[in-house]
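Written out below as structure tokens is the structure these notes cover.
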Amino acid sequence: MSARFFLDTNILVYTFDSSAPKKATRARELVRQALEARTGLISYQVAQEFFHVALRRFRSPMTFAEAEQYLSAVLRPLLAVHSSAGLFGEALRIAGKYKLSWYDALIVASATEGHCELLYSEDLQHGQRFGSLQVVNPFL
């Protein structure tokens, strides 16, 4: 696949979920593809949400050393969308137009700003379009 794609936080979290092996395998494939082909990206919001879960809510929470290693190896190479007033304005417009939560609208705005064609997430409706961006639930 050569299309640029955005990974929602849940994709990264599932890479560590031993209770859902099929989802974990699919999530790992997407992250590997994102890194190897350099067509996948995330936003700072995704990194922040990931660390919130990884450091507190994982069955075995990440240590700070493990988190630093994951940041260097996985998150930093994918980080492409930074917070800005423009991004927040676009997220507000999207939230109002599509009746999305603030955080979901911020994900959509980030994927759009990153010029992505696909947004991998299970939090939004599979197949839903936001202009040229299409939501794909990779676990269906």
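Here, each number is a calculation from the coordinates, and none is a lab measurement. Since the model is a prediction, treat every value here as computed from it, not as a measurement. Backbone-built Cβ (ideal geometry, glycine too); neighbour counts: all protein chains shown.
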Going by the structure shown, is Thr39 under 19 Å from Val136 (Cβ atoms), surrounded by 16 or more Cβ atoms within 10 Å (Cβ to Cβ) and polar (S, T, N, Q)? yes
When restricted to Arg93, Arg76, the only residue more than 19 Å from Val13 (Cα to Cα) and charged (D, E, K, R) is Arg93
Picking from Arg28, Arg59, the residue that is surrounded by 14 or more Cβ atoms within 10 Å (Cβ to Cβ), without any contact (Cβ under 8 Å) to a residue 60 or more places away in the chain and of a type in the set (D, E, K, R) would be Arg28
query: For Ala67, are the conditions met, namely being closer than 25 Å to Ala109 by Cα and surrounded by 11 or more Cβ atoms within 10 Å (Cβ to Cβ)?
result: no
Being of a type in the set (Val, Ile, Thr), closer than 26 Å to Glu117 by Cα and surrounded by 13 or more Cβ atoms within 10 Å (Cβ to Cβ) is the requirement here; does Val81 meet it? yes
For the range 30-58 the number of residues that are under 16 Å from the mean Cα position of the chain (by Cα) and in a helix (DSSP H, G or I) is 17
The condition from (1) over 12 Å from Thr9 (Cα atoms); (2) surrounded by fewer than 13 Cβ atoms within 10 Å (Cβ to Cβ) that His52 misses is numbered (1)
Considering residues that are in contact (Cβ under 8 Å) with a residue 24 or more places away in the chain, part of a loop (DSSP other than H, G, I, E, B) and charged (D, E, K, R), the number found within the range 1-25 is 2
When the range 1-21 is checked residue by residue, the ones that are crowded, with 20+ Cβ neighbours inside 10 Å and under 19 Å from Gln134 (Cβ atoms) are Phe5, Phe6, Leu7, Asp8, Thr9, Asn10, Ile11
Taking the range 99-126 and keeping only residues that are within 15 Å of Asn10 (Cα to Cα) and among the charged types (D, E, K, R), one is left with Asp104, Glu122, Asp123
By residue number, the members of the range 87-104 that are free of Cβ contacts under 8 Å to residues at least 24 places away in the same chain and surrounded by fewer than 15 Cβ atoms within 10 Å (Cβ to Cβ) are Phe88, Gly89, Leu92, Arg93, Gly96, Lys97, Lys99, Ser101, Trp102
The condition of being not in a helix (DSSP H, G or I) and not aromatic (Phe, Trp, Tyr) holds, among Pro61, Pro77, only for Pro61
When the range 8-52 is checked residue by residue, the ones that are touching a Leu at 6+ places or on another chain (Cβ under 9 Å) and of a type in the set (Gly, Ala, Ser) are Ala27, Ala34, Gly40, Ser43, Ala47
Reported set for the range 1-23 where residues are more than 16 Å from Ser60 (Cα to Cα) and aliphatic (A, V, I, L, M) is Met1, Ala3, Leu7, Ile11
